Amino acid sequence: MDRFTSMAVFVRVVESGSFAAAADVTDISAAMVGNHIRALEAHLGARLLNRTTRQQSLTEVGRAYYGQCVSILSQMDMADAEAREMMVVARGVLRVTAPVSFGSHCLAPALSRFLEHAPKVEVELKLSDRLVDLVSEGFDAAVRIGHLPASNLIARQLIPYRMVACAAPTYLARHGIPQRPDDLIDHECLSFGFHRRTREWRFYDANGEGRAVQIGGRLTINHGPALRMAALAGGGILMQPELLVADDLRDGSLVRLFENERMPERPMHLVYQRDMRMPLKVRRFVNFVLETWRPDARRDDVPLPSDALDDSAA
């Protein structure tokens, strides 16, 4: 027999005063009530009730066990109620992981807007460039850049992680504006690299055919934000994800180059576990991310509208 059911029957027997009364409350037969009590006593190896034809009373073990049963069943009821509430109210801890650059520059600042509309949700954001296992590491959702490996996760497409070539007005005033990618060989290009300097950038034609372009430059940094700061200071021409320099392009701190060239890009997705009973906190976050970085977003995309946290997009 299920022990928790037997514990609930035992509590009803104590509170109602007899097997027959407990049977009426629990909607089972008096014989089944007796089976539950005997199953508990056999499991514990101790008598819980002193029973006669006229009355019953708790043994010393029964009194102690009754108190624990009441506490355990009350906690179960609270757990059930909380779980049900989480399906209708966005609440609880939401664990999210994202790549370092996108997470720090784009997702982290946007989370304040999400939290404004989800006052009972706490967010734990882990930034990592490794492929985090959502199931084994206990994450609710992840932003992933690049082609996805095969998995059982739901993947929702976001705006492409598109590169852009740009430079500060001060640099362009000193060195001139390159008219075509081949001119980059004569410019100070800021390279990203861990082991050695990148000596070429790729551009694509209208048919998607890529070509490597040789670049000049003397500064290599293995940190994207540091490269951006060097570009803002007029140190050279930068090739970086458009999302990471969107504000700089918008306010004129950096100037976009090669408007007619097709730049490299990688797909970006929001992934989360397949769950027909998705907690509302996850559904709201999915809607938020999809609306904020939707695939058809323009370069000068407007801020998130107030209705982005409804349930229609999930």
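The values are calculated or read from the model by the stated rules, or taken from the named source; none is laboratory data. Just so you know, these numbers come straight off a predicted model, no measurement behind them. As a convention, Cβ positions derive from the backbone with ideal geometry for all residues, glycine included, and neighbour counts pool all protein chains shown.
On the basis of being among the acidic types (D, E) and either part of a loop (DSSP other than H, G, I, E, B) or surrounded by fewer than 10 Cβ atoms within 10 Å (Cβ to Cβ) (or both), does D129 make the cut? So D129 fits the description; yes.
Exactly one condition in (1) within 30 Å of A20 (Cα to Cα); (2) touching a Ser or Thr at 6+ places or on another chain (Cβ under 6 Å); (3) small (G, A, S) is false for A142; which is it? For A142, the failing item is (1). When we screen D205, D247 for residues that are outside the structural domain of T292 (by TED's automatic domain parsing), modelled with pLDDT under 95, within 24 Å of S101 (Cα to Cα) and among the acidic types (D, E), the only hit is D247. Being small (G, A, S) and assigned to a strand (DSSP E or B) is the filter here, so list the residues in segment 198-218 that pass it. If the condition is that a residue be small (G, A, S) and assigned to a strand (DSSP E or B), then G210, A212 are the ones that fit. Screening the candidates A212, A173 for the property of being among the hydrophobic types (A, V, I, L, M, F, W, C) and touching a residue at least 12 places away in the same chain (Cβ under 8 Å) yields one hit, A212.
Filtering segment 243-272 down to residues that are of a type in the set (D, E) and in contact with a Pro (Cβ under 9 Å, 6 or more places away or on another chain), which residue is nearest to H187 (Cα to Cα)? Filtering segment 243-272 for residues that are of a type in the set (D, E) and in contact with a Pro (Cβ under 9 Å, 6 or more places away or on another chain), the one nearest to H187 (Cα to Cα) comes out as E261.
Scanning segment 238-279 for residues that are part of a strand (DSSP E or B) and under 23 Å from T220 (Cβ atoms) yields L238, M239, Q240, P241, V255, R256, E265, R266.
Scanning segment 134-181 for residues that are loosely packed, with under 13 Cβ neighbours inside 10 Å and of a type in the set (D, E) yields a total of 1.
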